[in-house]
């Protein structure tokens, strides 16, 4: 009868074990703890550097965490424009996450520069406007950077160093 606490009979235990095995095999049941259910939860963490309209922070998050979940771990400024951020995107590797300022094209410039830095520009972000805001290092390869016409908000721009060209003899 329903509601009675009777011990399971041997065949009932066998059926229960078989159902669990079938559900595990079909992926309908997982014995792994899922936490929030947001990340892949494979135990691997990735580092994310958050800049822009947020208190600059370095956070460690489980690989596969959504951008929205990552942003819950930092203090986002009121001037942030989160409509420019893909909150559903999964973070799978180390990266810099740029939180745009409202009404600005917000970029992070790194690589062959004296100091990696955030750049927030009014209007269109051209290579010339960005170069006016950063100091390139001596070995910066300007050619690839200057070919780009426009840059979109939230972009991380990595200035490549010049390649050493050695002649083979």
Query raised in the report: Arranged by the count of other C-beta atoms within 10 angstrom, fewest first, what order do 101, 11 take?
Result: 11, 101
Report summary line: Rounded to two decimals, the Rg over Rh value of region 45-159 from Cα coordinates and the Kirkwood Rh reads 0.98
Report summary line: Expected sort for 66-75, 122-131 on mean C-beta neighbours within 10 Å, highest first, is 66-75, 122-131
Query raised in the report: What is the packing order of peptides 102-113, 148-159, 82-93, taking the mean over residues of other C-beta atoms within 10 Å and listing the highest first?
Result: 102-113, 148-159, 82-93
Query raised in the report: Restricting the count to DSSP beta bridges whose residues both fall in region 45-159, what percent are antiparallel, rounded to a multiple of 5?
Result: 65 percent
Requested in this report: Report the dimensions of region 104-169 along its three principal axes from the alpha-carbon atoms, largest first, rounded to Å.
Outcome: 51, 23, 17
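Only the coordinates and a few stated rules stand behind these numbers; no lab work does. Since the model is a prediction, treat every value here as computed from it, not as a measurement. Positions of Cβ are backbone-derived with ideal geometry, glycine not excepted, and every protein chain shown enters the neighbour counts.
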